[in-house]
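Engineer: Take this structure first; my questions come after.
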Amino acid sequence: MITGSTGIGKSYVASAIGHQACILGYRVLYASTPKLFARLKMAKADGSYIKEIAKIERQHLLILDDFGIQPFDAKSRAALMEIIEDRHGKTSLIITSQLPVSKWHEVIGEKTIADAILDRIVHDAHRVELRGESMRKKRKMEPENSYQ
């Protein structure tokens, strides 16, 4: 789990880890969490859901970026539970979020399902909390010809 404020480098760190995993021969899927769950909803509607879930299951590492930007609805929550359950204890997962882990329960919603999901995610997780100023703000403040 990589948490921290907007623009601090969470996605960059997750991508770097994913890139290194690819170099080492691991299969990696990087996905924006809201886009992934929108795609899974569409897959449910067109009958390709099993295929999409199987694609996710085949990955050695799943990176869910921007977790918690939008609250989960019932369908997304069910899909998240399925993905987490399938991966638990077998394959790796990196989650990036602007929200502290303590807020994830309310974003997932549905107390029983949120408890089950978070128990599987948080129990054995490594937590990285990035702190500092947004990289975007720093870039705007630097002079144009800066070579730091």
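Engineer: Taking the Cβ of ARG120 as the centre, find all other residues whose Cβ is under 13 Å away and add up their charges (Lys, Arg: +1; Asp, Glu: -1).
Structural biologist: After counting each charged neighbour, the total is -4.
Engineer: Return the FRET efficiency for the residue pair LYS75, ARG27: r is the Cβ-Cβ distance, R0 is 25 Å, and the value is rounded to the nearest 0.05.
Structural biologist: 0.45
Engineer: Can you compute 3J(HN,Hα) from phi for each residue in the stretch 45-52, using the Karplus curve 6.51 cos²θ - 1.76 cosθ + 1.60 with θ = phi - 60°, rounded to whole Hz and x for Gly and Pro?
Structural biologist: 5, 9, x, 9, 4, 4, 5, 5
Engineer: Further question: To the nearest 10 Å², what's LYS51's accessible area with a 1.4 Å probe?
Structural biologist: 150
Engineer: Decide, for the stretch 33-96, between rounded, prolate and oblate: order the square roots of the alpha carbon gyration tensor eigenvalues as a ≥ b ≥ c, take rounded if a/c falls under 1.5, and otherwise choose prolate if a/b is larger than b/c, else oblate.
Structural biologist: oblate
Engineer: Related question: Would you please classify the overall shape of the stretch 1-57 from the alpha carbon gyration tensor, given that a ≥ b ≥ c denote the square roots of the eigenvalues, rounded means a/c under 1.5, and beyond that prolate means a/b larger than b/c while oblate covers the rest?
Structural biologist: It comes out oblate by the Cα gyration axes.
Engineer: Using a simple charge model, +1 on the beta-carbon of Lys and Arg, -1 on the beta-carbon of Asp and Glu, nothing else, what dipole does the chain show about its Cα centre, in debye to the nearest 20?
Structural biologist: 320
Engineer: I've got another one for you. What aspartates and glutamates could a cross-link reach from LYS111, if we take a straight Cα to Cα line under 15 Å and drop same-chain neighbours fewer than 8 places away?
Structural biologist: ASP73, ASP119
Engineer: Tell me, what HN-Hα J-couplings in whole Hz come from the Karplus equation 6.51 cos²θ - 1.76 cosθ + 1.60 at θ = phi - 60° for each residue of the stretch 65-70, using x for Gly and Pro?
Structural biologist: Those phi angles translate into 8, 6, 5, x, 5, 10 Hz.
Engineer: For the chain, what % of the accessible area comes from carbon and sulfur atoms, probe 1.4 Å?
Structural biologist: Using a 1.4 Å probe with all protein chains present, the chain comes out at 53 percent carbon and sulfur.
Engineer: Per residue of the stretch 104-110, in order, report the coupling 6.51 cos²θ - 1.76 cosθ + 1.60 (Karplus, θ = phi - 60°) as ³J(HN,Hα) in whole Hz, putting x for Gly and Pro.
Structural biologist: Coupling constants for the stretch 104-110: 5, 4, 6, 6, 5, x, 6 Hz.
Engineer: Follow-up question, since we're still on this one. Just to confirm a number: summing +1 for Lys and Arg and -1 for Asp and Glu over residues other than LEU80 whose beta-carbon lies under 15 angstrom from that of LEU80, what do you get?
Structural biologist: -3
Engineer: What number comes out for accessible area per residue over the chain if the probe is 1.4 Å? Units Å², please.
Structural biologist: Per-residue value: 63 Å².
Engineer: Where does each of 34-47, 58-71 land if you order them by average Cβ count within 10 Å, highest first?
Structural biologist: Packing order, densest peptide first, comes out as 58-71, 34-47.
Engineer: Moving to a separate point now. Calculate the FRET efficiency for LYS111 and ASP86 from the Cβ-Cβ distance with a Förster distance of 22 Å, rounded to the nearest 0.05.
Structural biologist: That pair, LYS111 with ASP86, gives E of 0.50.
Engineer: Same structure, new question: List the residues, sorted by chain then number, that are 5 or more residues from ILE8 or on another chain and whose placed amide H is less than 5 Å from its amide H.
Structural biologist: The answer is MET135.
The values are calculated or read from the model by the stated rules, or taken from the named source; none is laboratory data. Since the structure is predicted, the reported quantities are computational estimates derived from the model, not experimental observations. Don't worry about glycine lacking a Cβ; one is built from the backbone with ideal geometry, like all the others, and counts go over all protein chains shown. Note: areas computed on protein heavy atoms with side chains; ligands, DNA, RNA excluded. Shrake-Rupley method; radii C 1.70, N 1.55, O 1.52, S 1.80 Å.
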